[in-house]
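The values are calculated or read from the model by the stated rules, or taken from the named source; none is laboratory data. It should be emphasised that the depicted structure is a prediction, and the values quoted were computed from it without experimental measurement. FYI the Cβ positions are ideal-geometry reconstructions off the backbone, even for glycines, and counts take in every protein chain you see. Accessible surface areas use protein heavy atoms only, side chains included; no ligands, DNA or RNA. Shrake-Rupley method; radii C 1.70, N 1.55, O 1.52, S 1.80 Å.
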Amino acid sequence: MGKIYVIGIGPGGAQETTPRAQAALAASDVLVGYTTYIDLVKEHYPGKDTIATPMTTEVARCRTCRDLALKGRTVAMICSGDAGVYGMAGLIYQVCEDAPDLEIEVIPGVTAATAGAALLGAPLVHDFAVISLSDALTPWGTIAKRLELAAEGDFVLCLYNPASKTRPDTLKKAADILLGYCGPDTPCGLARRVGREGEECWLCTLEELGEQPADMSTTVFVGNSQTQVIGGKLVTPRGYETKGAL
């Protein structure tokens with residue numbers, strides 16, 4: 001019997017793929033993943049068999065990994081960012097439930113929340129919540145409720161999947177919800193194509209957020225009541241100043 005590695009390769013660039021992930025990729029016979037993710041790694045691992053599939057085929061992709069591993073292959077299921085943050089780790093375990101002896105190892109990676117935060121400054125230094133705005137698997141009503149409760153709790157927010165071709169107004173809908181709980185001048189930031197060609201980031205206010213050119217390669221950060229802009233960077237103080245340490 002083979003093995004499945006579920007590997008988070010980071011946001012895009014090879015420099016953000018951990019040594020542990022690189023070792024697992026090198027140890028694998030077959031690389032399986034969404035087409036874009038296979039394209040990011042295949043040049044670094046020549047000679048490996050690759051299976052690339054489009055979006056919306058996640059269940060079939062995981063079944064392919066299971067079937068190959070049951071035939072004795074060592075398989076890498078490739079995920080962007082971290083395999084356990086909106087990645088395939090959970091689905092692999094579900095699909096392989098009927099093969100309890102199959103070895104599965106999840107390899108963590110740098111997720112878009114931390115990679116994007118580093119580009120923008122330090123917005124996640126205090127408590128924060130991560131919410132996906134995609135309603136492909138979660139009803140919009142549930143997403144809206146989570147936005148409301150997180151904003152009411154004064155969490156910094158990190159928003160994944162803010163907009164797509166079929167959801168061009170999702171970020172505006174989210175911003176309108178948040179404006180019911182947060183001031184219009186609340187600092188926000190966007191990081192796009194982190195670690196890849198065309199990487200960029202910029203700041204705006206919550207009032208301006210709904211009109212920003214976000215897409216599926218963009219991660220959005222919404223500050224809390226304490227977040228501020230320092231030297232052009234988004235920073236959320238942790239509270240040292242209240243202890244007289246500054």
Work from the charge dipole of the stretch 98-246 (Cβ charges, +1 for Lys and Arg, -1 for Asp and Glu, about the Cα centre) and give the residue of Ala129, Leu209, Pro168 farthest towards its positive end. Leu209
Using a probe radius of 1.4 Å on heavy atoms only, what accessible surface per residue do you get for the stretch 1-58? Whole Å² is fine. 47
Under 27 Å from the Cα of Lys3, which lysines turn up, not counting those fewer than eight places away in the same chain? Lys42, Lys48, Lys71
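Treat every Asp and Glu Cβ in the stretch 1-80 as -1 and every Lys and Arg Cβ as +1, leave all other atoms uncharged, and give the resulting dipole magnitude about the Cα centre to the nearest 20 debye.
On the way: 9 positive and 7 negative charges, 63 e Å.
Here the stretch 1-80 has a charge dipole of around 300 debye.
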Residue separation between Glu211 and Gln226 times 0.36 nm, minus their alpha-carbon distance, gives in nm 3.1 nm
Less than 16 Å apart at the alpha-carbon level, and either on another chain or at least 8 residues along: which lysines does that give for Lys173? Lys145, Lys165
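Two decimals is fine: what's Rg over Rh for the stretch 43-183, C-alpha atoms, Kirkwood radius as Rh? Kindly include the intermediate steps, with their values, before the conclusion.
Details: Rg = 18.3 Å, Rh = 17.6 Å.
Across the stretch 43-183, the Cα-based Rg/Rh ratio is 1.04.
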Accessible area per residue of the stretch 115-190 at 1.4 Å probe, in Å²? 46
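Taking the mean number of other Cβ atoms within 10 Å as a proxy for protection, how do you rank 128-134, 194-200, 228-234 from highest to lowest? Don't jump to the answer; show the numbers that get you there.
Details: 128-134: 18.6, 194-200: 15.6, 228-234: 13.3.
Top of the packing list down: 128-134, 194-200, 228-234.
Rank by packing, highest mean first: peptides 12-22, 85-95, with packing defined as the count of other Cβ atoms within 10 Å averaged across residues. Let's see the in-between values first.
Details: 12-22: 16.5, 85-95: 19.4.
Top to bottom by mean Cβ count within 10 Å: 85-95, 12-22.
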Percent accessible area from carbon and sulfur atoms, the stretch 103-162, protein chains only, probe 1.4 Å: 57
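Once you sort the root eigenvalues of the Cα gyration tensor of the stretch 1-42 as a ≥ b ≥ c, which label holds: rounded (a/c under 1.5), prolate (a/b larger than b/c) or oblate (the other case)?
Details: a/c = 2.19, a/b = 1.33, b/c = 1.64.
Note, shape of the stretch 1-42 comes out oblate.
When a/c is below 1.5 the answer is rounded, else prolate if a/b is larger than b/c, else oblate, so apply that to the chain with a ≥ b ≥ c taken from the square roots of the Cα gyration tensor eigenvalues.
Values: a/c = 2.16, a/b = 1.85, b/c = 1.17.
Here the chain falls in the prolate category.
By its C-alpha gyration tensor, with a ≥ b ≥ c as the square roots of the eigenvalues, how is the stretch 1-70 shaped: rounded for a/c under 1.5, else prolate for a/b larger than b/c, else oblate? Please report the intermediate quantities before stating the final value.
Details: a/c = 1.73, a/b = 1.25, b/c = 1.38.
Because a/c hits 1.5 or more and a/b fails to exceed b/c, the stretch 1-70 counts as oblate.
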Charges on Cβ only, +1 for Lys and Arg, -1 for Asp and Glu, centred on the Cα centroid of the stretch 1-135; of Gly72, Pro11, Thr57, which one is farthest towards the dipole's positive end? Gly72
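Dividing the alpha-carbon radius of gyration of the stretch 70-148 by 2.2 N^0.38 Å (N being the number of residues), what value is obtained?
Cα-based Rg divided by the globular estimate yields 1.41.
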